[in-house]
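The structure under discussion appears below in the form of structure tokens.
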Amino acid sequence: MSISDEPLVSNHEDSFSEIKIKLFFGLPFEDAIWLFIFCMTGIALGMAFEFLDLYSKDETPAADETFFLCFIGYWAQTIVSGTYALTKPNPFQGSWTKSVFKFLLISALFDGCAQALDYVGQVNGGYMLFTIFHASVTVFSCIIAVILLKVKISWKQWIGVILIVIGIFITTFPNPIKVTGNFFLGFICSLFGSLSLAASYPFSEMVFIQGNKEKYGVITEEMACAVGSLINTFIFTIWTCVYTIPNWKETILHYTKPGDGNLKIIGFVFYGLMVG
């Protein structure tokens, strides 16, 4: 049942593609589906990490300096987002100027740093510590958006942000933080990882703000996501080739429990699918 005063289905002449089903506070049906997928994959991503922990020594899927899950994640994201972007009409539309690409590059680099720091934070500080700091992304994002984009955030929105953070902290009480490595390193990496992720969002928004000022308009959201993923895929692939592969036995195989290699591979694939 729609809770808005708008009709459940909008009236458009002979165009099924234009039909909008209003759900979740008036969200169009397509947006509601993407929101649902985002939430479900977010939950499943944590489960995938826990699954990998079960079949890993020291609850570590791979040595933190390999950033191996980042490598898998960005490859999956590039393949999925790139394929989806290319199915759209005129995927390369818009102005691909230096200014637009500059903001896209900065956003991608912040996102890459966030994923790398978050992985180190998870390995060393444990998943619960990472989850607590990840809740702070919402706060950091709001603050940066106000400063950088001059966005006005209502008091209702601030209350929503505070409630999210409080909710995350409350869930930790029956589940005390279990340190799996260096607590201080995990603490610092989780904190700065969350800050870096928050910083990536306003710069991502700047891609479209700048695009509106250009002659040929904004680039598509799908292609912006694909290109941003591709940038980080390139960076983490170079690191994997230079460091991880030459040290495969010590950094990957060493952390796999005897006889659980196949299950570990399934975990890596599941993780990649959820990120993608």
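The values are calculated or read from the model by the stated rules, or taken from the named source; none is laboratory data. On a predicted model such as this, the values are computed, not experimentally measured, just so you know. FYI the Cβ positions are ideal-geometry reconstructions off the backbone, even for glycines, and counts take in every protein chain you see. To get the accessible areas, we keep the full protein, side chains included, count just its heavy atoms, and leave off ligands, DNA and RNA. Shrake-Rupley method; radii C 1.70, N 1.55, O 1.52, S 1.80 Å.
Tabulated data
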| quantity | calculated |
| --- | --- |
| Boolean, SER194 is within 21 Å of SER95 (Cβ to Cβ), part of a helix (DSSP H, G or I), modelled with pLDDT under 90 and hydroxyl-bearing (Ser, Thr, Tyr) | no |
| Residues within the stretch 98-116 that are open to solvent by 50 Å² or more (accessible area, probe 1.4 Å), in contact (Cβ under 8 Å) with a residue 12 or more places away in the chain and either among the hydrophobic types (A, V, I, L, M, F, W, C) or not in a helix (DSSP H, G or I) (or both), tallied | 5 |
| Among (1) under 30 Å from PHE101 (Cα atoms); (2) part of a helix (DSSP H, G or I) - the single one LYS215 does not satisfy | (2) |
| Leading residue by the ranking (most open to solvent (accessible area, probe 1.4 Å)) among those in the stretch 248-265 that are free of Cβ contacts under 8 Å to residues at least 40 places away in the same chain and assigned to a helix (DSSP H, G or I) | LYS249 |
| Subset of the stretch 77-97 [aliphatic (A, V, I, L, M) and either open to solvent by 60 Å² or more (accessible area, probe 1.4 Å) or closer than 12 Å to GLY211 by Cβ (or both)] | ILE79, VAL80, LEU86 |
| Qualifying residue in the stretch 129-139 (condition: at pLDDT 75 or above and not aliphatic (A, V, I, L, M)) | no |
| Unique match (being within 15 Å of the chain's Cα centre (by Cα), surrounded by 23 or more Cβ atoms within 10 Å (Cβ to Cβ), at pLDDT 90 or above and part of a helix (DSSP H, G or I)) among TYR119, TYR74 | TYR74 |
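Residues are listed down the side, and each one gets a yes or a no for (1) modelled with pLDDT under 75; (2) surrounded by 15 or more Cβ atoms within 10 Å (Cβ to Cβ):
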{"position": "ILE19", "(1), (2)": "yes, no"}
{"position": "LEU27", "(1), (2)": "yes, yes"}
{"position": "MET40", "(1), (2)": "no, no"}
{"position": "PHE49", "(1), (2)": "no, yes"}
{"position": "LEU52", "(1), (2)": "no, yes"}
{"position": "THR60", "(1), (2)": "no, yes"}
{"position": "ASP64", "(1), (2)": "no, yes"}
{"position": "CYS70", "(1), (2)": "no, yes"}
